[in-house]
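Notes follow the structure.
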Amino acid sequence: AEAARRGLTALVRIDADGRLAIEMGSPLADGSTLLLSLRHPSEAARDQTIVLSGRDQVFTGAVSAAAGTRWDFVLADVSGSWRLVGRGTAGADPIPMAPALDRS
């Protein structure tokens, strides 16, 4: 509900080499830390969580997500006060993230 109230959205990009970039739809406070969880649809052993730091709207990092694999994504602040969710394929088009509450 907090993500929806704040109007938060994001785009996640993962290139074929595992470089990760998250662009928030609106700026966050400087020094914000985010957690991005990637959940594999059938193999829990491949799940991973990445800690990201950034400024304003851009957060970067690296993942070991296999290109061409479809993942469920959960992006949250470290306090757990808001959460964005999305689903997409690593190494393909940017993955839109929206408030979890808005998902049907």
Across Gly18, Gly31, Gly61, the residue with the highest GNM fluctuation in the chain (Cα network, 10 Å cutoff) is Gly31
Candidates Ala45, Ala62, Ala76, ranked by Gaussian network fluctuation over the chain, Cα under 10 Å, top entry
Ala45
For a Förster distance of 22 Å, can you work out the FRET efficiency between the beta-carbons of Asp47 and Ala1, rounded to the nearest 0.05?
0.30
Going by the alpha-carbon gyration tensor, a ≥ b ≥ c the square roots of its eigenvalues, is segment 5-90 rounded (a/c under 1.5) or, if a/c is not under 1.5, prolate (a/b greater than b/c) versus oblate?
prolate
Size of electric dipole in the chain: Cβ of Lys, Arg +1 and of Asp, Glu -1, about Cα centre, debye, nearest 20:
180 debye
If you roll a 1.4 Å probe over the chain with all protein chains in place, what percent of the accessible area is carbon or sulfur?
48 percent
Consider a paramagnetic label point 7 Å from the Cα of Ser32 along Cα→Cβ; state which residues of segment 48-74 have an amide N under 16 Å from it.
51-61, 74
Ala16 to Ser79: FRET efficiency via 1/(1 + (r/R0)^6), r the Cβ-Cβ distance, R0 22 Å, to the nearest 0.05?
0.10
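The values are calculated or read from the model by the stated rules, or taken from the named source; none is laboratory data. All values reported here derive from a predicted model rather than from experimental measurement. We place every Cβ from the backbone using ideal geometry, glycine too, and count neighbours over all the protein chains shown. When the accessible area is computed, the model is the full protein with side chains, heavy atoms only, and any ligands, DNA or RNA have been set aside. Shrake-Rupley method; radii C 1.70, N 1.55, O 1.52, S 1.80 Å.
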